[in-house]
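First the structure, in the form of structure tokens, and then the observations on it.
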Amino acid sequence: MKLLLKFFLNPDNSAHLRGLESEFGESSNAIRLELNRLEGADMLHSELRGNRKLFKVIDQHPLFDEINSIVKKHFGLDVVEVRIAKRLGNLRAVYLTGDIARGKDVSLIDLIFVGDIDRPYLLKLIEKAESMVKRKIRYLIYTEVEFTSDSQQEHGALLIWGSSS
């Protein structure tokens, strides 16, 4: 499950075997087996960089959207998207940040909301969402002017909802 979280939550993630071994605290043999299976199923692509084999998800794979949806449900992000994002007024975007955006299974969801939103209503919705997903939600709010592409890179932000969604 950890590999699915790592690669299918954020398709921009790439990793090599030793890095995954260190991150997951698992044996390299078990990780290698799973990486080879996912690569054999054409879900991961690998390339050699120096003496390291880097793996990255193939987001064009026919099952990518389904697996991404399952991973979002695992974290409760589907609830966040439906319950929070679509009911806040002039919300432009919601970004996922922190460890969870890097594909780590943690109990804290870090979000960034961009737009002119109803803050008291957001707090109520977050409290409800936390009880549903059984995870704490920490958030920042930016106006569209404040949140730039530099801000997105600084936070390692992964777009999970946009006003065109």
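The values are calculated or read from the model by the stated rules, or taken from the named source; none is laboratory data. Fair warning: this is a prediction, and the values are worked out from it, not measured in the lab. Neighbour counts are summed over all protein chains in view; Cβ atoms, including those assigned to glycine, are modelled from backbone coordinates with ideal geometry. When the accessible area is computed, the model is the full protein with side chains, heavy atoms only, and any ligands, DNA or RNA have been set aside. Shrake-Rupley method; radii C 1.70, N 1.55, O 1.52, S 1.80 Å.
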Being closer than 20 Å to Lys104 by Cα, among the charged types (D, E, K, R) and in contact with a Ser or Thr (Cβ under 8 Å, 6 or more places away or on another chain) is the filter here, so list the residues in the range 38-60 that pass it. Lys56
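With touching a residue at least 12 places away in the same chain (Cβ under 8 Å) and either under 21 Å from Ala157 (Cβ atoms) or touching a Ser or Thr at 6+ places or on another chain (Cβ under 6 Å) (or both) as the only criterion, which of Leu35, Leu63, Leu9, Leu3 stands out?
Residue meeting the stated conditions: Leu9.
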Leu108: open to solvent by 50 Å² or more (accessible area, probe 1.4 Å), hydrophobic (A, V, I, L, M, F, W, C) and within 16 Å of Lys73 (Cα to Cα), yes or no? yes
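Looking only at the range 117-149, filter to residues that are of a type in the set (Asp, Glu) and in a helix (DSSP H, G or I); which one of those is nearest to the chain's Cα centre (by Cα)?
Only one residue fits best here, namely Glu130.
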Would you confirm, using the coordinates I've provided, whether Leu122 is buried (at least 18 other Cβ atoms within 10 Å of the Cβ) and either within 17 Å of Gly162 (Cα to Cα) or touching a strand residue (DSSP E or B) at 6+ places or on another chain (Cβ under 6 Å) (or both)? yes
